[in-house]
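In what follows, a structure is listed as structure tokens, so that the remarks can point back to it.
The values are calculated or read from the model by the stated rules, or taken from the named source; none is laboratory data. A quick note: this is a predicted structure, and the numbers were derived from the prediction, not measured. When we count neighbours, we look across all protein chains shown, and the Cβ atoms used for this are built from the backbone with ideal geometry, even at glycine.
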Amino acid sequence: MNLLYLSRSDVEAADVSMSEVIRAVEAVFVEKGNHRVEMPPKPGIHPLQDAFIHAMPAFIPNMGAAGLKWVSGFPQNLLRSLPYISGLLILNDAQTGIPLAVMDCTWITAMRTGAATAVAAKYLARSESRTLAICGCGVQGRSNLESLKIVFPKLARVQAYDVSPATVDVFCRDAARRWSLDAVACTSPREACREADIIVTAIPISKHPTPVIEREWLRDGAFLSPVDLDSYVKPEVFAAAAKYYTDDLEQQQYFKKIGYFANLREPDGDLGELLCGRKSGRENGNELTVVMNVGLAIEDIATAMVVYQHAKAKRLGVSLPL
């Protein structure tokens, strides 16, 4: 009995496209909406303030996919020139339980998070959206830009803000070069959000946040995806939203029980319900819509299965005995 070990470089060399990840994430939300997945709320430990290590198990019968992600987020790592997110993902054979693979999960986490935003935006943002705001130009800012540009090919402009001006400059140069976008470096989150059709915030998550983004900064008809939960966006924005969804209501409630989202209204539903038609998406061009995804194991395991299949076909990784 051997398992396949895939390093970060192996996972990247599998060459799974963002379009493939978007398709996998959209398909697994349909499975979830039809109650065909098993996914308990993710338990976690918190060794430092605003740091977490979460266990994220999931089983997706129709994909033959079972596994667990063990992922950490340590904001203090940025001061040590270490990544904020790190961890491993284990895939198991759904028929025997035998481990099939262990792989780095950082690339998967970044890609599936961007894909989840794009899947939600497909149903909740205006199809003619042309201007994107990114507040937080790190890994998640980049992956969300990539996924949204795929789903919204008419995007022509990105307005970017980060506390590090150098990070914004690199982000804008890359966005202009890779996506042929009019990329504007902004000096404040308010400037970035102004007149944007789609807004993504992606700073480190805080359990007791001091958010800054106000309702009056956002145009009517905007779509907002706070990847950092409520760390950057004031409760008044969630309260004003015509449609406010999350990726999973049970996970949302679990987070609330352990002290998050103290001042937020309850979501109108989750993405599984939205994709299966039990909840309505955008109904007119003036609705402010919000999705706050807490991040789901089904997204990771669905993406990891695609990575595993590509890696096997390319003979990547190292075979290790159990």
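Which of (1) closer than 20 Å to A121 by Cβ; (2) of a type in the set (G, A, S); (3) without any contact (Cβ under 8 Å) to a residue 40 or more places away in the chain is the odd one out, the single condition S164 does not satisfy?
(1)
Does at least one position in the range 276-296 carry a residue that is in a helix (DSSP H, G or I) and under 21 Å from the mean Cα position of the chain (by Cα)? Break it down stepwise before answering.
If we filter the range 276-296 for residues that are in a helix (DSSP H, G or I), which is where we start, we get none.
No - not one qualifying residue is present in the range 276-296.
Only one of these conditions is not met by A58: (1) at pLDDT 95 or above; (2) over 22 Å from I258 (Cβ atoms). Which number is it?
Only one criterion is unmet by A58, namely (2).
Condition check ((1) outside the structural domain of L78 (by TED's automatic domain parsing); (2) surrounded by 15 or more Cβ atoms within 10 Å (Cβ to Cβ); (3) more than 30 Å from G33 (Cα to Cα); (4) among the β-branched types (V, I, T)) across all residues:
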{"residue": "A176", "(1), (2), (3), (4)": "yes, no, yes, no"}
{"residue": "I199", "(1), (2), (3), (4)": "yes, yes, no, yes"}
{"residue": "S206", "(1), (2), (3), (4)": "yes, yes, no, no"}
{"residue": "P235", "(1), (2), (3), (4)": "yes, yes, no, no"}
{"residue": "F255", "(1), (2), (3), (4)": "yes, yes, no, no"}
{"residue": "N263", "(1), (2), (3), (4)": "yes, no, no, no"}
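May I ask you to list pairs of residues, at least six apart or on different chains, whose Cβ atoms are under 9 Å apart, with the first in the range 28-44 being within 23 Å of K257 (Cα to Cα) and the second being among the charged types (D, E, K, R) and in a strand (DSSP E or B)?
That search, which allows pairs on different chains as well, returns K32/D270; K42/K69.
Applying the selection to the range 126-148, what residues are buried (at least 24 other Cβ atoms within 10 Å of the Cβ) and of a type in the set (G, A, S)?
A133, G136, G141, S143, S147
Is it the case that the range 272-286 has a residue that's in contact (Cβ under 8 Å) with a residue 60 or more places away in the chain, out of contact with any Gly (no Cβ under 7 Å at 6 or more places or on another chain), more than 19 Å from R215 (Cα to Cα) and crowded, with 24+ Cβ neighbours inside 10 Å?
For the range 272-286, residues in contact (Cβ under 8 Å) with a residue 60 or more places away in the chain, out of contact with any Gly (no Cβ under 7 Å at 6 or more places or on another chain), more than 19 Å from R215 (Cα to Cα) and crowded, with 24+ Cβ neighbours inside 10 Å: absent.
Cβ-Cβ below 7 Å, separation at least six or inter-chain, first residue in the range 101-125 and surrounded by fewer than 24 Cβ atoms within 10 Å (Cβ to Cβ), second part of a helix (DSSP H, G or I) and β-branched (V, I, T): which pairs?
D104/V11; W107/V11; A110/V139; K122/V151
Filter the range 77-126 for residues that are closer than 21 Å to P61 by Cα, of a type in the set (D, E, K, R) and either in contact with a Pro (Cβ under 7 Å, 6 or more places away or on another chain) or not in a loop (DSSP other than H, G, I, E, B) (or both) and give the result.
R112
Kindly provide the set of residues from the range 1-49 that are in a loop (DSSP other than H, G, I, E, B) and within 18 Å of the chain's Cα centre (by Cα), ordered by number. Lay out the reasoning, then the answer.
Applying the first criterion (in a loop (DSSP other than H, G, I, E, B)) to the range 1-49 yields 1, 7, 14-17, 34-37, 39-43, 46-49.
Within the range 1-49, V16, S17, M39, P41, K42 meet the criteria.
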